[in-house]
Amino acid sequence: MTKTIDLQVNAKNIADLKKGYPLILKEAIINVNVLTEEGAIVRLVDRDRRFVAKGYYGNQNKGIGWVLTQKEEEAIDFNFFESKIAKALERREALFADPDTTAFRVFNGEGDGIGGLSIDFFDGYYMVSWYSQGIYSMKHHVYSVLDKIVEYKGIYEKKRFDMKGEYIEQDDFVRGEQGDFPIIVKENGMNFAVNLNDGAMTGIFLDQRDMRQAIRDKYAQGKNVLNTFSYTGAFSVAAALGGAMKTTSVDLAKRSLAKTIEQFSVNGIDYEQQDIKVMDVFEYFRYAKRNELKFDLVILDPPSFARTKKYSFSTAKDYPALLKDAIAITEKNGVIVASTNNASFGMKKFKTFIEEAFKDAGSSFKILEESSLPRDFRTNRDFPEFNYLKVVVLQKLK
Ligand code: SAH
């Protein structure tokens, strides 16, 4: 049994924690120096040592851990993990029952009651992501719970924390039967090839499911589509299946070419009719301008940060300039899907970026729709900072 450590909370942070703020911020704690081993159970107390909440110690970005319960007597044991995971599975029953969607998130960290842990489902395989050494030290509970309450083909894991030099060739396979990768999963009837045993990324970002469906069903028919930062081309696949006249996918990573061909192919789309460019997006914008290329639908979903040999890019700083370049090669009345997963700013700020870009471009727009995380990426409504995804679909008016 791990011993419990008392952490004294700054007076000004107590109200938020009592309201359900789940992250234990470093600056909220007076005596962080008592923490030694990640995974320790911590009791948050006020200056009179009265109980505030209970959680665990685990370094993750700006936090040093997560609140797990506000009940002083509740133990953090197998039963605790079982109740949270069972509840999360119950919330996704409709997705489990849908034969057209076989890949989705089944456990979304603090949104489902345990920060630092997420679990994704890929057609019978479960992939568990661990965001700190602290939560990873409790993995036996999570795997025992999965053994008890779900039927699975196999379990894989990703350690998404700094291994401090202990990192040796990571084998992501945990137990069950090994997948014959790529496996093909479905999302609203679209096929996607997925690999759970090939580095950090699986081939699809599950949080964009709603936007892929919207692109296929509402925005692609007959359109000339440009998909920038295209990764494995998932948005291009959605557009092609939605009747796009043609898609152009642009990504800097060399592997994106083979991966995009694969995603088109598992959907029966002839990739030779599509354009796939391994290229810097900024360079592509210049190339398109020079050649007077214009598009009816432009998808803009950059990483929060990117660094190349020539420059570094951050959406918090450079989104307006990026969007301005996109506006320049969008047809009048064309549509731009502007997306960002940067958690450091909210929708309001994102909209100011959009306004700034159109103003600089001497253009104007109207918003067709806004979208955020799908329901399986459950977030705590009181704390929008955990709801990182912001997507705005705009029409360029002039
Ligand atoms: N929009 C994609 C996910 C993008 S992930 C989807 O929904 O599936 C970010 C991608 O941006 C990565 O594949 C990375 O290789 C690419 N990237 C980063 N910087 C880039 C740049 N300057 N030009 C082109 N691609 C870039």
* Hey, Asp318 within 11 Å of the ligand (Cβ to nearest atom) and either closer than 17 Å to Ala220 by Cα or of a type in the set (Ser, Thr, Tyr) (or both) or not -> no
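Just to be sure, is Thr202 part of a loop (DSSP other than H, G, I, E, B), touching a strand residue (DSSP E or B) at 6+ places or on another chain (Cβ under 7 Å) and surrounded by 20 or more Cβ atoms within 10 Å (Cβ to Cβ)?
Values: part of a loop (DSSP other than H, G, I, E, B): yes; touching a strand residue (DSSP E or B) at 6+ places or on another chain (Cβ under 7 Å): yes; surrounded by 20 or more Cβ atoms within 10 Å (Cβ to Cβ): yes.
It is true that Thr202 is part of a loop (DSSP other than H, G, I, E, B), touching a strand residue (DSSP E or B) at 6+ places or on another chain (Cβ under 7 Å) and surrounded by 20 or more Cβ atoms within 10 Å (Cβ to Cβ).
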Residues of segment 333-369 being touching a Ser or Thr at 6+ places or on another chain (Cβ under 9 Å) and more than 30 Å from Lys62 (Cβ to Cβ), in sequence order, are Ile336, Phe358, Ser363
Taking segment 280-303 and keeping only residues that are near the ligand (Cβ under 9 Å from one of its atoms) and surrounded by 15 or more Cβ atoms within 10 Å (Cβ to Cβ), one is left with Asp280, Val281, Phe282, Tyr284, Ile299, Leu300, Asp301, Pro302
Residue count, segment 329-361, condition more than 20 Å from Lys218 (Cα to Cα), in contact (Cβ under 8 Å) with a residue 12 or more places away in the chain and exposed (fewer than 14 other Cβ atoms within 10 Å of the Cβ), comes to 2
By my count, helices (runs of 4 or more DSSP H) wholly in segment 215-310 with at least 3 residues that are over 26 Å from the mean Cα position of the chain (by Cα) are 281-290
Scanning segment 243-268 for residues that are surrounded by 20 or more Cβ atoms within 10 Å (Cβ to Cβ) and among the aliphatic types (A, V, I, L, M), the one nearest to the ligand (Cβ to nearest atom) turns out to be Val250
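What residue, of Ala220, Ala214, is within 21 Å of Val391 (Cα to Cα) and within 14 Å of the ligand (Cβ to nearest atom)? First the steps, then the outcome.
On the way: Ala220 fails: within 14 Å of the ligand (Cβ to nearest atom).
That would be Ala214, the only listed residue that is within 21 Å of Val391 (Cα to Cα) and within 14 Å of the ligand (Cβ to nearest atom).
Being part of a loop (DSSP other than H, G, I, E, B) and touching a Lys or Arg at 6+ places or on another chain (Cβ under 9 Å) is the filter here; which residues of segment 11-37 pass it? Let's see the steps before the verdict.
The first filter runs over segment 11-37 and keeps only residues part of a loop (DSSP other than H, G, I, E, B), leaving 20-22, 30-31, 35-37.
Selection gives Ile30 alone.
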Checking Lys348, Lys317 in turn, the sole residue that is modelled with pLDDT of 95 or more and out of contact with any Gly (no Cβ under 9 Å at 6 or more places or on another chain) turns out to be Lys348
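I'm checking my understanding of the structure. Among residues of segment 173-202 that are within 13 Å of the ligand (Cβ to nearest atom) and under 14 Å from Glu157 (Cβ atoms), which one is modelled with the highest pLDDT?
Filtering segment 173-202 down to residues within 13 Å of the ligand (Cβ to nearest atom) leaves 187, 190, 192-194, 199-202.
Next, from what is left, pick out any that are under 14 Å from Glu157 (Cβ atoms): 199-200, 202.
Values: Gly199: 86, Ala200: 85, Thr202: 94.
The residue in question is Thr202.
The values are calculated or read from the model by the stated rules, or taken from the named source; none is laboratory data. This is a predicted model, so every value here is computed, not measured. Note that we place each Cβ from the backbone using ideal geometry, even for glycine, and neighbour counts take in every protein chain shown.
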